[in-house]
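Colleague: Submitted below is the structure of interest, expressed as structure tokens.
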Amino acid sequence: MTSHETQPILSIRGLSKRYGDFEALSGIDLDVARGEFVALLGPSGCGKSTTLMAVAGFVEPDAGSIVLAGNDITALAPDKRHMGMVFQDYALFPHMSVLENVAFPLRMRKVSRREREEKALAALETVQLPRKSIYARPSELSGGQRQRVAVARALVFDPVMLLMDEPLAALDRRLRQHLQYELRHLQARIDTTVIYVTHDQEEALVLADRIVVMRNGQFEQVGKPRDIYDSPANAFVAGFLGESNSAPAHVVQRDSGAVRAVINGTEDPIEVPGDFAPAEGLFVVRPERLRVHAAGENSGASLRAQIIDIAFLGDRLRAELQLSDELAWTANIPIRDVMGTEHLLARGNEVRVSWAPADGRLLPDNRGT
Ligand SMILES: Nc1ncnc2c1ncn2[C@@H]1O[C@H](COP(=O)(O)OP(=O)(O)OP(=O)(O)O)[C@@H](O)[C@H]1O
Ligand SMILES: [Mg+2]
């Protein structure tokens with residue numbers, strides 16, 4: 001999105017944190033480029049907040065280092081790190097006005113009253129809070145407005161970077177989506193570096209230049225949203241980022257660039273991209289990559305299925321498919337592709353479900369670990 005200097009602004013190496021016997025972070029490494037928006041994404045308890053708090057200085061790591069713009073800050077006090085923080089509950093002071101809340105970090109920094117007010121007003125303008133709200137108490141604002149105030153307070157002292165921990169999680173879906181786009185535009189405009197914690201995959205896709213998928217205190221994959229979505233490193237990532245259909249599979253033949261694998265123990269071997277395919281694993285294909293054909297039609301990479309249900313979702317049909325007793329898949333069929341196949345798309349029909357071989361993946365099955 002933005003041009004990044006080659007020197008990372010933040011370098012994390014071998015960062016670990018234990019709580020008693022429990023390993024919350026197990027030696028993570030991460031470089032963040034200046035102006036980059038990095039999202040930490042993962043299920044509850046995977047260590048997202050711990051990572052962010054270690055960067056902010058509120059959690060003391062047991063091992064590893066954090067280097068900010070060339071300086072080792074691993075042991076530096078939080079207030080010396082000049083990082084702006086936005087928490088999930090915003091942590092605004094209820095007894096202060098909006099303006100006082102935003103000016104607060106400057107007061108802590110002994111900035112003069114006049115400059116405090118100027119900078120706080122400018123920050124509130126940046127987040128486009130209506131001028132009439134600046135003397136209100138936080139309790140008099142809507143959730144979306146409070147969120148803006150929290151961002152303004154984090155920005156007001158020109159932080160080296162912005163750390164945000166699920167800042168939109170408490171809001172309803174519509175407002176969350178609206179604020180996601182606002183945050184995106186704001187970040188592009190002020191070109192600040194952001195580390196953003198979320199467990200909402202759509203939010204990570206919308207906002208981030210790069211996504212870190214975490215689990216059990218470790219990184220499962222780090223990459224651009226598109227790359228992770230199209231080429232998940234393993235079955236956990238495929239299941240966590242976006243919807244996916246899966247089936248057990250094993251390789252029966254290896255060629256250069258592709259393998260042939262038996263999927264779900266049935267039918268003929270099917271071609272799968274072979275770059276990283278393990279001998280045995282989980283075959284994965286996205287619902288929007290599937291097509292539904294007549295049962296007799298044999299079209300390349302395909303499996304037999306029965307249609308269990310069809311739902312109309314406005315822009316697409318969603319077909320629930322039964323492939324075998326214990327295996328169900330979902331196909332999303334854009335409405336414009338439905339024409340001519342309406343007769344096929346009915347509950348109870350025996351069909352073939354197909355995909356382009358390049359859209360399938362055979363991945364290490366690490367879901368249960
Ligand atoms: N102060 C603490 N004492 C003991 N255990 C802790 C402490 N802080 C965090 N943990 C544990 O470390 C693990 C990681 O916590 P963390 O808050 O980083 O998770 P998270 O990914 O932010 O989860 P969530 O999405 O629920 O916020 C959790 O299992 C949590 O219970
Ligand atoms: Mg958390």
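Colleague: In segment 297-339, what residues are more than 23 Å from residue 229 (Cβ to Cβ), among the charged types (D, E, K, R) and surrounded by 15 or more Cβ atoms within 10 Å (Cβ to Cβ)?
Modeller: 304
Colleague: Another one. Determine the pairs where a residue that is within 11 Å of residue 161 (Cβ to Cβ) and touching a residue at least 24 places away in the same chain (Cβ under 8 Å), located within segment 189-201, has a partner that is away from ligand 2 (no atom under 16 Å from the Cβ) and not hydrophobic (A, V, I, L, M, F, W, C) with Cβ atoms under 7 Å apart, the partner being 6 or more residues away or on another chain.
Modeller: Going by the 7 Å Cβ cut-off, the qualifying pairs are 193/34; 193/35; 193/36; 194/187.
Colleague: Scanning for something buried (at least 20 other Cβ atoms within 10 Å of the Cβ), assigned by TED's automatic domain parsing to the domain that holds residue 214 and in a helix (DSSP H, G or I), does segment 60-68 turn up at least one residue? Show your work before the answer.
Modeller: Filtering segment 60-68 for residues buried (at least 20 other Cβ atoms within 10 Å of the Cβ) gives 61, 66, 68.
Retained after the next criterion (residues that are assigned by TED's automatic domain parsing to the domain that holds residue 214): 61, 66, 68.
Filter again for in a helix (DSSP H, G or I), leaving none.
Checked segment 60-68: no residue is buried (at least 20 other Cβ atoms within 10 Å of the Cβ), assigned by TED's automatic domain parsing to the domain that holds residue 214 and in a helix (DSSP H, G or I).
Colleague: Please go through segment 258-296 and give me each residue that is of a type in the set (Gly, Ala, Ser) and open to solvent by less than 30 Å² (accessible area, probe 1.4 Å), ordered by number. Please lay out each step first, then the result.
Modeller: At the first step, the residues of segment 258-296 found to be of a type in the set (Gly, Ala, Ser) are 258, 261, 265, 274, 277, 279, 281, 294-296.
Answer for segment 258-296, where residues must be of a type in the set (Gly, Ala, Ser) and open to solvent by less than 30 Å² (accessible area, probe 1.4 Å): 258, 261, 274, 277, 281.
Colleague: Could you list, in sequence order, all residues of segment 25-59 that are within 20 Å of the chain's Cα centre (by Cα), assigned to a loop (DSSP other than H, G, I, E, B) and surrounded by fewer than 20 Cβ atoms within 10 Å (Cβ to Cβ)?
Modeller: The answer is 33, 34, 43, 44, 45.
Colleague: A further question follows. Show the residue pairs meeting these rules: Cβ distance below 7 Å; 6+ apart or different chains; first residue within segment 153-181 and of a type in the set (Phe, Trp, Tyr); second residue buried (at least 17 other Cβ atoms within 10 Å of the Cβ) and not in a loop (DSSP other than H, G, I, E, B).
Modeller: Sorted first by the residue in segment 153-181, then by its partner, the pairs are 157/105; 157/106.
Colleague: So, one more: Given the residues 324, 256, 354, which is the only one that is polar (S, T, N, Q) and without any contact (Cβ under 8 Å) to a residue 40 or more places away in the chain?
Modeller: On the way: 324 fails: without any contact (Cβ under 8 Å) to a residue 40 or more places away in the chain; 354 fails: without any contact (Cβ under 8 Å) to a residue 40 or more places away in the chain.
Just one listed residue meets the conditions, 256.
Colleague: Kindly list the number of the only condition in (1) touching an Asp or Glu at 6+ places or on another chain (Cβ under 7 Å); (2) open to solvent by less than 20 Å² (accessible area, probe 1.4 Å) that fails for residue 73.
Modeller: Of everything listed in (1) touching an Asp or Glu at 6+ places or on another chain (Cβ under 7 Å); (2) open to solvent by less than 20 Å² (accessible area, probe 1.4 Å), residue 73 misses just condition (1).
Colleague: Wholly within segment 180-254, which strands (runs of 3 or more DSSP E) include no fewer than the required count, namely at least 1 residues that are open to solvent by 50 Å² or more (accessible area, probe 1.4 Å)?
Modeller: Values: elements: 193-198, 210-215, 218-223, 245-254.
Output list reads 210-215, 218-223, 245-254.
Colleague: Still on this structure, I have one more. Restricting attention to segment 85-99, does a residue exist that is open to solvent by less than 10 Å² (accessible area, probe 1.4 Å) and at pLDDT below 95?
Modeller: Yes, some residue in segment 85-99 is open to solvent by less than 10 Å² (accessible area, probe 1.4 Å) and at pLDDT below 95.
Colleague: While we're on this one: Mind telling me which of the residues 152, 188, 169, 123 ends up being of a type in the set (Gly, Ala, Ser), within 16 Å of ligand 1 (Cβ to nearest atom) and under 24 Å from residue 10 (Cβ atoms)? Lay out the reasoning, then the answer.
Modeller: Numbers: 152 fails: within 16 Å of ligand 1 (Cβ to nearest atom); 188 fails: within 16 Å of ligand 1 (Cβ to nearest atom); 123 fails: within 16 Å of ligand 1 (Cβ to nearest atom).
Residue meeting the stated conditions: 169.
Colleague: Turning to a different aspect of this structure: Determine, yes or no, whether residue 277 is small (Gly, Ala, Ser) and not in a loop (DSSP other than H, G, I, E, B).
Modeller: Numbers: small (Gly, Ala, Ser): yes; not in a loop (DSSP other than H, G, I, E, B): no.
No: the conditions fail for residue 277.
Colleague: Could you list, in sequence order, the residues of segment 129-149 that are open to solvent by 10 Å² or more (accessible area, probe 1.4 Å) and either closer than 24 Å to residue 199 by Cα or within 16 Å of ligand 1 (Cβ to nearest atom) (or both)?
Modeller: 142, 143, 145, 146, 148 - these are the residues of segment 129-149 that are open to solvent by 10 Å² or more (accessible area, probe 1.4 Å) and either closer than 24 Å to residue 199 by Cα or within 16 Å of ligand 1 (Cβ to nearest atom) (or both).
Colleague: Across segment 110-128, what is the total count of residues that are within 15 Å of residue 154 (Cα to Cα) and open to solvent by 90 Å² or more (accessible area, probe 1.4 Å)?
Modeller: 2
The values are calculated or read from the model by the stated rules, or taken from the named source; none is laboratory data. None of the values given here were measured: they were computed from a predicted structure. Cβ coordinates were reconstructed from backbone atoms using ideal geometry, including for glycine residues, and neighbour counts include every protein chain displayed. Heavy atoms of the whole protein, side chains included, go into the accessibility calculation; ligands, DNA and RNA do not. Shrake-Rupley method; radii C 1.70, N 1.55, O 1.52, S 1.80 Å.
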